[in-house]
Amino acid sequence: MKVLLSGNEAIALGAWEAGVQYASAYPGTPSTEILENLARYPGVRAEWGSNEKVALDNAVGASFGGARALAAMKHVGVNVAADSLMSVSYIGVKSGLILVSADDPGAFSSQNEQDNRQYARFGKFPCIDPADSEDARQFVKIAFELSERFETPVMLRSTTRLSHSKSAVEALVPEARSLQPLPPFVRDPSTSRVVLPAVARRRHPEIEQRLIEVAAWSATDGFECGLNRISWGDRSVGVVTTGIAYQYVREMLPGVSILKLGMSYPLPLAAIREFADAVETLVVVEELDGFIEEQIRAAGIEVSHGKDVFPLCGELTLAAVREGAGKAGLLDADGAPATQTATMTPELLSSVTVPPRSPALCPGCPHRAFFYNLRRHKRKAVIAGDIGCYSMGVLPPFEAMDMLISMGASIGMAHGFQRAGGQESAIAVIGDSTFFHSGLGPLASAIYNRARIAVIILDNRITAMTGQQQHPGTGITLQGEHGKEIDIAAVCRAMGVTSVEEVNAWNVDAINKTLRRALDYEDGPAVVVVRGACVFTPHFHLQPRMRVDPAKCVTCGSCFRVGCPAIIKSDEIYPTSGKQKAAIDPLLCTGCTVCMQVCPVQAIAPIE
């Protein structure tokens with residue numbers, strides 16, 4: 001039957017259809033929904049790992065034990081998992097192992113837009129790029145078969161547009177299936193799963209030969225199974241493309257000949273050469289790096305146009321492909337494909353201008369009172385931030401974050417700044433899920449080196465930014481089982497932190513006093529756990545909504561400095577200042593009381 005699925009949903013379906021028995025991931029947009037959907041299928045053990053390396057290590061262990069396994073993460077998560085990824089590529093896998101890398105061209109929700117196809121070349125393993133949801137479903141099975149045939153991990157690379165767009169998929173009705181025990185572990189003296197230097201030296205030439213064999217498979221079986229495909233059209237222009245870029249080429253340049261590469265590494269260069277010889281002009285269209293173009297040129301195959309006309313940065317769009325095609329002379333004077341009448345007018349291809357709106361913490365967010373207080377200290381302290389909702393502390397009205405590079409880096413950066421001789425106080429801000437992801441290691445180093453820093457752990461009892469996923473601090477597994485809830489404050493005390501305080505996230509005055517004590521503490525790092533549940537969790541409880549008494553409002557602006565979207569400007573003017581008085585949207589207000597606490601004239605109170 002045909003169903004409409006997103007790319008992430010299709011990957012999950014394809015994994016289940018391929019017999020995946022174990023899967024692990026760390027949530028990160030745009031990859032999160034893969035494990036959330038796979039967890040619903042029968043006979044699969046799906047888990048959140050505490051970080052991406054842990055997720056991959058879990059999947060590797062399952063593969064070595066004889067289960068088809070999958071690890072999923074966003075593109076920057078592969079940076080975390082890279083240590084294990086490079087080693088498992090050398091020693092090989094037993095049952096199929098897929099690493100799903102969900103890249104983010106355009107950096108819609110990420111700190112960069114790296115092209116993870118480069119990891120495949122770096123790590124010497126295949127990379128497969130689906131172009132739509134049906135590709136995603138089918139390519140998972142192909143990837144597992146490829147993985148087992150060549151005993152290699154395989155990267156299945158998605159992108160934001162593919163992950164979150166929906167298209168028709170041929171789906172099976174899930175059948176009853178139970179989790180099967182693994183077969184007895186067999187120690188094969190001819191195969192080593194231990195990465196010793198002697199093993200690595202022996203395996204390296206074998207891995208190089210494996211790449212040659214995979215490329216040969218891609219040039220033959222890869223076309224027969226539909227992984228790679230040629231659509232012949234007008235042979236005056238031939239386009240080599242892959243992934244979501246194929247959809248834009250097909251729409252923008254109907255009628256041209258297209259070589260769609262489902263495997264972007266290693267390339268079937270012999271097949272590409274035959275395709276190039278059969279067309280007059282060869283063009284390469286791909287998103288982000290000129291990954292395929294560079295390899296084709298290096299093989300001595302002439303490429304007329306690639307990154308000279310198509311953008312190197314940002315997500316491809318129809319408008320971007322149209323502009324590049326125009327520069328390449330592939331469109332006529334009216335903007336239509338030179339090989340066929342256009343199916344879309346230039347007006348329809350123009351970019352739609354959307355009014356800009358700055359991101360903001362949600363109404364009732366437990367981070368709001370903390371950042372309101374932190375703003376008071378930013379002149380005397382250097383603030384190292386981390387990845388999560390609280391990264392919005394860098395934006396107005398708080399503007400209270402000086403450094404932010406990657407998950408878990410806040411504590412290490414604050415530590416380094418202070419120990420290197422920084423004159424200001426050093427504050428590290430990290431979330432609960434991020435603390436378990438990669439905050440424990442740098443905190444241990446700060447304790448060991450007696451770094452005099454304030455470590456603020458914002459515990460909202462969930463992994464909020466990626467859509468409210470559980471983590472070790474919540475005690476609930478991905479599949480709804482009750483595990484062990486790990487207490488963050490107790491962990492910090494057990495590690496040797498001598499100053500650990502816990503404070504209510506919505507108590508403005510208490511947060512300010514606790515923060516001051518942490519900044520004044522001199523015997524190593526001081527930890528403050530700010531506890532308050534995210535508004536989208538069952539732990540959060542709505543309070544009576546707030547309202548502004550217009551008779552008392554003096555337009556001082558204190559309430560606006562808490563940065564709540566529910567606080568708006570009314571039509572009433574305060575005559576002394578000539579400014580608009582504040583008002584509160586009752587549809588957005590959650591009754592968190594932060595605005596009431598900061599109002600100096602007591603103009604804000606609950607609606608009775």
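The values are calculated or read from the model by the stated rules, or taken from the named source; none is laboratory data. Just so you know, these numbers come straight off a predicted model, no measurement behind them. Note: ideal-geometry Cβ built from the backbone for every residue, glycine included; neighbour counts use all protein chains shown. With ligands, DNA and RNA removed, areas are computed over all heavy atoms of the protein, side chains included. Shrake-Rupley method; radii C 1.70, N 1.55, O 1.52, S 1.80 Å.
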So residue 569 passes all but one of these: (1) under 33 Å from the mean Cα position of the chain (by Cα); (2) closer than 18 Å to residue 397 by Cα. Which condition number does it fail? (1)
Identify, from the list 128, 91, 98, the residue that is more than 19 Å from residue 23 (Cα to Cα) and either hydrophobic (A, V, I, L, M, F, W, C) or at pLDDT 95 or above (or both). 91
Can you tell me which residues in segment 415-445 are of a type in the set (A, V, I, L, M, F, W, C), over 24 Å from residue 110 (Cβ atoms), open to solvent by 10 Å² or more (accessible area, probe 1.4 Å) and in a helix (DSSP H, G or I)? 417, 444
Subset of segment 27-52 that is more than 14 Å from residue 101 (Cβ to Cβ) and of a type in the set (D, E, K, R) - its residue that is surrounded by the most Cβ atoms within 10 Å (Cβ to Cβ): 33
Please work out which one of (1) open to solvent by less than 10 Å² (accessible area, probe 1.4 Å); (2) assigned to a loop (DSSP other than H, G, I, E, B) is the condition residue 147 fails and give its number. (2)
Just checking, which of 530, 535 is of a type in the set (A, V, I, L, M) and at pLDDT 95 or above? 530
Odd one out for residue 314 among (1) within 15 Å of residue 219 (Cβ to Cβ); (2) open to solvent by less than 30 Å² (accessible area, probe 1.4 Å); (3) of a type outside the set (Val, Ile, Thr): (1)
Tally of residues being in contact (Cβ under 8 Å) with a residue 12 or more places away in the chain, part of a loop (DSSP other than H, G, I, E, B) and within 25 Å of the chain's Cα centre (by Cα) across segment 446-483: 16
Mind checking which pairs have a first residue in segment 115-127 that is under 17 Å from residue 142 (Cα atoms) and a second that is small (Gly, Ala, Ser), Cβ under 6 Å, 6 or more apart or different chains? 125/89; 127/120; 127/264
Checking residue 81 against (1) buried (at least 21 other Cβ atoms within 10 Å of the Cβ); (2) touching a residue at least 40 places away in the same chain (Cβ under 8 Å), only one condition comes out false. Which one? (2)
Would you please name the residue that is most open to solvent (accessible area, probe 1.4 Å), looking only at residues in segment 524-541 that are touching a strand residue (DSSP E or B) at 6+ places or on another chain (Cβ under 7 Å) and of a type outside the set (Val, Ile, Thr)? 531
Being open to solvent by 90 Å² or more (accessible area, probe 1.4 Å) and touching a residue at least 12 places away in the same chain (Cβ under 8 Å) is the filter here; which residues of segment 168-211 pass it? 172, 173, 175, 176, 180, 185
On the basis of being open to solvent by less than 10 Å² (accessible area, probe 1.4 Å) and within 14 Å of residue 69 (Cα to Cα), does residue 24 make the cut? yes
Number of positions in segment 484-520 that are open to solvent by less than 50 Å² (accessible area, probe 1.4 Å) and under 28 Å from the mean Cα position of the chain (by Cα): 5
Residues of segment 589-608 satisfying the condition of being aliphatic (A, V, I, L, M), over 23 Å from residue 531 (Cα atoms) and without any contact (Cβ under 8 Å) to a residue 60 or more places away in the chain: 601, 603, 604, 605
For segment 112-159, how many residues meet the condition of being hydroxyl-bearing (Ser, Thr, Tyr) and more than 21 Å from the chain's Cα centre (by Cα)? 2
